[in-house]
Each structure stands twice: as structure tokens, then as C-alpha cells.
1. Which residues among segment 84-101 fall inside the zone where the amide N is under 19 Å from a point 7 Å beyond the Cα of K22, along Cα→Cβ?
2. Points 7 angstrom from Cα along the Cβ direction at K83 and K67: gap in nanometres?
3. Normalising by the residue count of segment 29-126, find the relative contact order in percent from Cα pairs under 8 Å and 6+ residues apart.
4. Between Q33 and L1, how many nm apart are label points set 7 Å from Cα along the C-beta direction?
5. Between the alpha-carbon centers of segment 1-52 and segment 85-126, tell me the distance in whole angstrom.
6. Under a cut-off of 26 Å between alpha-carbon atoms, report the lysines in cross-link reach of K2, not counting same-chain residues fewer than 8 places apart.
7. Kirkwood Rh, segment 1-94, all Cα pairs: how many Å?
8. Under unit Cβ charges (Lys, Arg +1; Asp, Glu -1), what dipole magnitude, rounded to 20 debye, does segment 50-126 have relative to its Cα centre?
Amino acid sequence: LKIIIDNGSMVPIYEQIVDSVKKMIHKGTLKEQDILPSVRSLSGELKISALTVKKAYDILEEEGYTKTVHGKGSYILPVNSQKNFQDALMEVERQMEDIVIKGEKLGISHGEIREILDIIISSRKE
């Protein structure tokens, strides 16, 4: 992987890694089923903390760009999966915005809305 980190940038290093990988996927440099370097390998290559690389890889997986198979590595997912995931995120965002607007109309503060969301999330079992 040809990832260039700008230590002088205001953008956190993990975000720079995420953005670089996304660009490579969209340009076709990285394709479906390609494997990313191991966390340890990339952190050594970039001379950064393994935790920083792990955070970037976790974000890529959360956003639907990769799938991590423990003991085997992180693989690039098909573009359709990425698009479907982005569409789902946008739908949830729209619904959450509607909830915030409704709460404001009912006099519920943003802090109270966050607390409600935290309670709902913590009560769910994954």
C-alpha cells in the first residue's frame, strides 16, 4: 500500500489512512478480495502506532469497505456492499435528524436526546 502520512496535517493519522484506502478502492487500485497489510506490518512501514492503524481498519470495516477475518486479515468488500452500507447510514441519519427536529419542537434539549439515545443503545444486545 502506498499511503503517505502528513504529520503536519490537522487531519488525524487514522483518518489519513482511511481516506487513502477509500481513494485506492474508488480508483480501482484496491479491488474486491484484496487483502490489506497486517496492522503490525503497516504500522511498521509508516512508523506509527499499531493502535492508530487498528483504529483506521476498524473504521473501514464499520463503513462497509472491509471485512476482517481474525487470524487472516482485512479484505476489501465488493463496491455494492459499500454503497448499500452508505445508503443505510444516510437513511439512519435522516431518521435521526427527524427525531432531533421533533424533540426540539417538544422542548427536549439536545443533551436529553443524546441521553435517550445512549439509554436505547446500552439496552440493546448485539
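1. 84-94
2. Rounded to a tenth, the inter-label distance reads 1.8 nm.
3. Answer for segment 29-126 is 23 percent.
4. Result for the modelled spin labels: 2.1 nm.
5. Centre-to-centre (Cα) distance: 31 Å.
6. Within the straight-line limit of under 26 Å, K2 reaches these lysines: K22, K23, K27, K31, K47, K54, K55, K67, K72, K83.
7. 13.7
8. 320
Bear in mind that the values in this text are calculations on the coordinates, not laboratory data. None of these values were measured; they are calculated from a predicted model. All Cβ positions, glycine included, derive from the backbone under ideal geometry; neighbour counts span all protein chains shown.
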